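Worksheet for the structure shown next.
The values are calculated or read from the model by the stated rules, or taken from the named source; none is laboratory data. Computed from a predicted structure; not experimentally measured. Reconstructed Cβ throughout: ideal geometry from the backbone, glycine too, with neighbour counts over all protein chains shown.
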């Protein structure tokens, strides 16, 4: 008998028969207008996601949603579960996530399909993790980041859908908080316009953030990639606000001076953060800790988590925005650090104490061959070397938090941990470099590489 394993606070399910439900001839993209997706795999299941278009909800008390899934090329072994009609709720913007833990075999591909009111979704594909003791010969991850909707088309996602990758890892900036990317206000591409319900240029309300996700998720090429692969996602700044941080003094979201929302009062800023968290949780397929009764962002959502790919690799996905300290100076300024006197302060943090300790302990106790840090901003030093001084380019990245960077690197080095790789997003470019414990005594472009098993890849 199937157990109704579902990730609260969303839906509860019950087992049913697959006979008569599976429907390949009556697919309706209008009912499932933002597609389907899978994410956060375990060795016995995945999270499956969809949204029902409320325009097609005729009998909200009786029209049940069904999910059918079956091992690849084994349709005769289909299983089905039913999601009661009253679980498709307006307060969750009619999104549905189903936790299939305990219902699938390890290290297997599955097909899946939703059926609602005699209308079916497209058929998606998902994959479970191998068991933690499984020996793997190889692992192929697609690493993504920074996908602004308004300044380009998602052709790459169509190619990704056809790629033979095992899983997709998204480092954040799934959406941007802009109605139009800064600097491109007069060059909107056909079909890429985004207008927030509030009428503001920056997302301010829950409906603004939801609208951003719906706009992004309406792209058919993104839908194709999300239907074909199982995703592991984190967040970065633009999922809420450019270069955001936590204002510990006022205990609220902190925004840089170039963000027009920075003058809002503390409660309004808190609401922006909570709205961004709720919308992200509603619209991506994740298995994270959420407390919808909480009124503080640090209590509401915890997204740092890890995934083990047998004995070959383990990835630790961190959250570098929710707990980070206020920047010491304007991170957009190119300067030598003379205006940023508190950068060396060991109390400055990007991860917060609890998350940092979780990361270090996890990496140092992992028995996987490769230990991977899913991190948002560049860990290695990055700048320009002048005749008399070095100029920092990006203090929003780990160059603005050198003491915590050193603490993490030193703990890993002293433990004798090998084969440690950091995946990074944010910069809209590709960089491969060695990461170090200490950067202060060397030129930026000529490091000695004293932690040369620590590699950073920025995509």
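Values for this structure:
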quantity: Among (1) free of Cβ contacts under 8 Å to residues at least 12 places away in the same chain; (2) buried (at least 19 other Cβ atoms within 10 Å of the Cβ) - the single one residue 291 does not satisfy; calculated: (2)
quantity: Test: residue 81 is outside the structural domain of residue 289 (by TED's automatic domain parsing) and buried (at least 21 other Cβ atoms within 10 Å of the Cβ); calculated: yes
quantity: Test: residue in segment 84-91 that is surrounded by 16 or more Cβ atoms within 10 Å (Cβ to Cβ) and farther than 23 Å from residue 222 by Cβ; calculated: yes
quantity: Hits in segment 204-213 - residues which are part of a helix (DSSP H, G or I) and over 16 Å from the mean Cα position of the chain (by Cα); calculated: 206, 207, 208, 211
quantity: Total residues in segment 260-275, condition surrounded by fewer than 19 Cβ atoms within 10 Å (Cβ to Cβ), touching a strand residue (DSSP E or B) at 6+ places or on another chain (Cβ under 7 Å) and under 13 Å from residue 200 (Cβ atoms); calculated: 2
quantity: Unmet criterion (only one of (1) modelled with pLDDT of 95 or more; (2) over 14 Å from residue 230 (Cα atoms)) for residue 125; calculated: (2)
quantity: Where a residue in segment 75-94 is at positive phi and touching a residue at least 12 places away in the same chain (Cβ under 8 Å) and its partner, wherever it lies, is buried (at least 16 other Cβ atoms within 10 Å of the Cβ) and assigned to a loop (DSSP other than H, G, I, E, B), with Cβ under 7 Å and at least six apart; calculated: 94/52; 94/88
quantity: Filter result (under 20 Å from the mean Cα position of the chain (by Cα) and at positive phi) within segment 153-188; calculated: 172, 173
quantity: Residue within segment 98-114 that is closer than 16 Å to residue 229 by Cβ, in a loop (DSSP other than H, G, I, E, B) and touching a helix residue (DSSP H, G or I) at 6+ places or on another chain (Cβ under 7 Å) present; calculated: no
quantity: Residue 52 being surrounded by 15 or more Cβ atoms within 10 Å (Cβ to Cβ) and at pLDDT 95 or above; calculated: yes
quantity: Which listed residue, of 238, 262, 258, is in contact (Cβ under 8 Å) with a residue 24 or more places away in the chain and over 23 Å from the mean Cα position of the chain (by Cα); calculated: 258
quantity: Residue that is under 25 Å from residue 128 (Cβ atoms), assigned by TED's automatic domain parsing to the domain that holds residue 226 and modelled with pLDDT of 95 or more, where the choices are 315, 290; calculated: 290
